[in-house]
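Laboratory data are not the source of any read-out in this text; all were calculated from the coordinates shown. Given the structure is predicted, the values throughout are model-derived calculations rather than measurements. When we count neighbours, we look across all protein chains shown, and the Cβ atoms used for this are built from the backbone with ideal geometry, even at glycine.
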Amino acid sequence: MDSHPAAGAPPGRARADLTALAERGRAGTMTPLGGLHTYDAATAAGYRAAAVLALFTPTAAGTEVFLVRRADHLRHHPGQIALPGGRVEPDDAGEVGAALRETQEETGLDPERVEVLGPLPPVLVPVSRYAVTPVLGWTEHPDVVSVVEPGEVLHTLRVPVGDLLDPAARATVRIAAPAGPVFRSAGFRTRSGWVWGFTGNLLDHLFAELGWTLAWDTSREVAFGYDAARGLAVPPSDATW
């Protein structure tokens, strides 16, 4: 256990694992994210292109990942904790360029401070009709940031990977809309609330592919009402199971 990134392993181990995963993504040998996010080229043709940056950084205690809390007024995924990212714009250098630009806009981190390890296979987010390319990144300079303009993001978070992987912090999140369908996703409890939805599913998949996942009670569920799901109320981080 002492060599596991969740238990404060040397950061070099985490970076090597991330680099190896990026190489598998390039080689097409990475297991694709399935379920609701399964990539289909014909469906993706009608979706907008977007990208997110799964950005990791070393600390004295292990490894942290950058997350952001989205503003409550946004049309898509309001109030949710997410990876930095957004729509690919015409002036971007593709999906990687979009991920870097959005990360700078949302966290203040200069793209020159980010080592891009590589893009991963695209996934679909039907609720917002985006075809999203996850990009793996690493930075040794997490505190060299500029001022972030207020707008899409309320604040930036850096969460220890070990906290996310703690079996006691994991559950399936169940969202029930009034007179509507029930949605379930992977969930991670943090001090700032729950990571769920697309971001929860993507992180769950990445951690499994990296070989970092710790055994947890997969029958555990936590339910949120529709208001919490829409970001009108922050899901409590101390919710009972």
Once ALA20 and ASP110 are pulled to full extension, the length gained, defined as 0.36 nm per residue separation minus their Cα-Cα distance, is 30.0 nm
What order do you get for 198-208, 29-39, 89-99 when each peptide is scored by the mean count of other beta carbon atoms within 10 Å, highest first? 198-208, 89-99, 29-39
Less than 14 Å Cβ to Cβ from ALA60, Lys/Arg counted +1 and Asp/Glu -1: what total charge do the surrounding residues give? -2
Computed label-point distance, nm, for sites ALA215 and THR190 using a 7 Å Cα→Cβ extension: 2.8
Just to be sure I understand the model, the point goes 7 Å from the Cα along the line to the Cβ. What's the resulting GLU89 to GLU140 distance in nm? 3.0
